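Structure record follows, encoded as structure tokens.
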Amino acid sequence: MSPQSPFASTSTPTVAARPRVFSGIQPSGELHIGNYLGAVRTWRQQIEENKEDTLFCVVDAHAITVPYEAAELRRRIDGFAIDLIACGVDPDKTTLFVQSDVREHTELAWYLSSVTPMGDLHRMTQFKEKGEGKDFVSSALFTYPVLMSADILLYKATVVPVGEDQIQHLELARETSRRFNHRFGEVFPEPKPRLSTTPRVMGLDGDSKMSKSKGNTISLFEPEESFWGKLRTAYTDPQRLQLSDPGRPEICNIYTMHKAVSPKTTQDEVVANCTGAAWGCVDCKKVLFENFNRELIPLRRKREALSLPQVREALGDGAAKARRIAQATMKEVRERMGLGSLASSTVG
Ligand code: AQP
């Protein structure tokens, strides 16, 4: 325990029996192929490998940091839960829940904000990007990374599978864990990111990463026709003006996606036919579309078979499981920070 701690604690920190994995997704639009290839597919892999305890969350409290419609958010929470289950985030094998069903997330965020310097939050690029040029920028958008630290540390997660855009926030969570432990004694581990082989899928416009809020996405469960319509016009290597111009797969988003969904032999074919100018970009995209379909058709079928009442029940069970871990952590946190009255009705 650090000398600054106001209260001596007799409790030993709770430690997870197996490494714990936590990650979340905002229900702020439609689940897109960047979310899937950058994060959700890794979640499924970890659930299937079953070497770690996994918790996955629809982080609805993050989605209110920008202007939104309440009825739309409610619809999206259900929609994201259905989509995640269809993608293999199976609630029978993992803990799947909705963030605001476990109130401890927002409680811990407030406490962690007391050890998070404003300067660190000012440096967050996502805040700058999302706030830039807006008439209204909420203070919740500014403190969003503190809530994300709380999401992870609440479960003492050591592994966080995310896309590249979340690395800066995760670095802050690591720093927050160190700061809290230094001030109040060892409670939290330092979470590490786990990147997929496709940590950054670019948007269809080629300007920035694929992002729900930028309208540059292909939704994962988009009907086949519009999926193809969007893929067909997606940005490629700007140097390929004519079919006879050799392409550069290493800078092309289409090749990035081939590496994620196409077999190795197809990837080699793509490189040969693109650099040798034997295929046009549309030929290359047609092959990619076929491989996406091969992967997505079974997920689409599964999605159609899911019933909302069953999904909601699973989310309720998931929240109850998550809450048990969250409450144990919060007991320690309050004790270490010297919070609460210690009245018998509130201890436990
Ligand atoms: N383009 C991407 N490539 C790879 N991974 C990505 N992720 C997001 N976009 C890409 C990863 O998906 C997970 C869930 O992301 P999120 O919804 O919680 O937040 P985000 O990163 O802010 O995603 P968006 O699509 O850009 O949403 P908006 O526009 O609402 O902010 C994360 O692990 C993320 O890294």
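Averaged per residue, segment 189-308 has 53 square angstrom of accessible surface, using a 1.4 angstrom probe with ligands and nucleic acids left out. Along segment 38-54 the Karplus relation, 6.51 cos²θ - 1.76 cosθ + 1.60 evaluated at θ = phi - 60°, assigns HN-Hα couplings of x, 9, 5, 5, 5, 4, 4, 4, 5, 5, 5, 5, 6, 9, 9, 7, 10 Hz to successive residues, with x for each Gly and Pro. Taking the C-alpha atoms only, the angle from helix 308-337 to the longest principal axis of the chain is near 50 degrees.
Summarising the amide proton neighbourhood of residue 202: residues at separation of 5 or more, or on other chains, whose placed amide H is nearer than 5 Å comprise 210.
By DSSP, the beta bridges lying fully in the chain are antiparallel in about 10 percent of cases. Counting 0.36 nm for each residue step from residue 123 to residue 343 and taking away their Cα separation leaves a gain of 75.1 nm.
Among residues other than residue 63 with Cβ under 15 Å from its Cβ, the summed charge is -3 (Lys and Arg +1, Asp and Glu -1). In straight-distance terms, cross-link reach from residue 321 covers every one of the lysines whose alpha-carbon lies under 26 Å from its own, apart from those fewer than eight places away in the same chain; here that gives 51, 93, 156, 192, 302, 331. Comparing 171, 52, 72 in a Gaussian network model of the chain, where Cα atoms under 10 Å apart are tied by springs, the biggest mean-square fluctuation is seen for 72. Taking each residue as 0.36 nm, the span from residue 186 to residue 164 lengthens on full extension beyond its C-alpha to C-alpha distance by 5.1 nm.
How long are the three semi-axes of the equivalent ellipsoid for segment 213-307, computed from the Cα gyration tensor as the root of 5 times each eigenvalue, in whole Å, largest first? Walk me through the intermediate numbers first.
Numbers: eigenvalues 142, 45, 21 Å².
For segment 213-307, the ellipsoid semi-axes come out as 27, 15, 10 Å.
Give the share of C-alpha pairs in each 10 angstrom bin for the chain, from 0 to the last occupied bin, in whole percents, shortest bins first. Answer for the chain: a P(r) of 5, 23, 30, 23, 12, 5, 1, 0 percent.
Report the label-to-label distance for residue 214 and residue 283 in nanometres (one decimal), using points 7 Å from each Cα along the Cα→Cβ vector. Result for the modelled spin labels: 3.0 nm.
For residue 54, nonlocal amide neighbours, meaning residues 5 or more places apart or on other chains whose placed amide H falls under 5 Å from its own, are 21, 95.
Rounded to whole numbers, the Karplus 3J(HN,Hα) couplings from phi for segment 121-132 are 5, 5, 7, 5, 5, 5, 5, 4, 5, 6, x, 4 Hz, using 6.51 cos²θ - 1.76 cosθ + 1.60 with θ = phi - 60°, and x at Gly and Pro. For the chain, the carbon plus sulfur part of the accessible surface works out to 53%, probe radius 1.4 Å. For segment 14-150, the pair-distance distribution built from all alpha carbon pairs, in bins 10 Å wide starting at 0, is 11, 36, 37, 15, 1 percent.
Which whole-number percent gives the relative contact order of segment 212-302, counting Cα pairs below 8 Å spaced six or more residues apart?
28 percent
Look at where the Cα atoms of segment 84-126 and of segment 196-259 average out, and the two centres are 29 Å apart. Here the calculated FRET efficiency for residue 306 and residue 70, from their Cβ-Cβ distance with R0 = 25 Å, stands at 0.55, rounded to the nearest 0.05. Each Lys or Arg adds one and each Asp or Glu subtracts one; over the other residues with Cβ under 11 Å from the Cβ of residue 129, this totals +3. Identify the chymotrypsin sites (Phe, Trp or Tyr not before Pro) of segment 208-303 meeting these criteria: DSSP loop state and at most 14 other C-beta atoms within 10 Å of the C-beta. Here no loop site has a sparse enough neighbourhood. Cβ-Cβ distance of residue 130 and residue 251, R₀ of 30 Å, FRET efficiency by 1/(1 + (r/R0)^6): the value works out to about 0.70. In this label model, residue 259 and residue 114 are separated by 4.5 nm, measuring between points 7 Å along each Cα→Cβ vector. Accessible area per residue was computed with a 1.4 Å probe on protein heavy atoms; residue 258 scores about 0 Å².
The values are calculated or read from the model by the stated rules, or taken from the named source; none is laboratory data. Just so it is clear, the structure is predicted and the values come from calculations on it, not from any experiment. For neighbour counting, all protein chains shown are included, and Cβ atoms are generated from backbone atoms with ideal geometry for every residue, glycine included. Accessible surface is based on the protein model in full, side chains and every heavy atom, while ligands, DNA and RNA are left aside. Shrake-Rupley method; radii C 1.70, N 1.55, O 1.52, S 1.80 Å.
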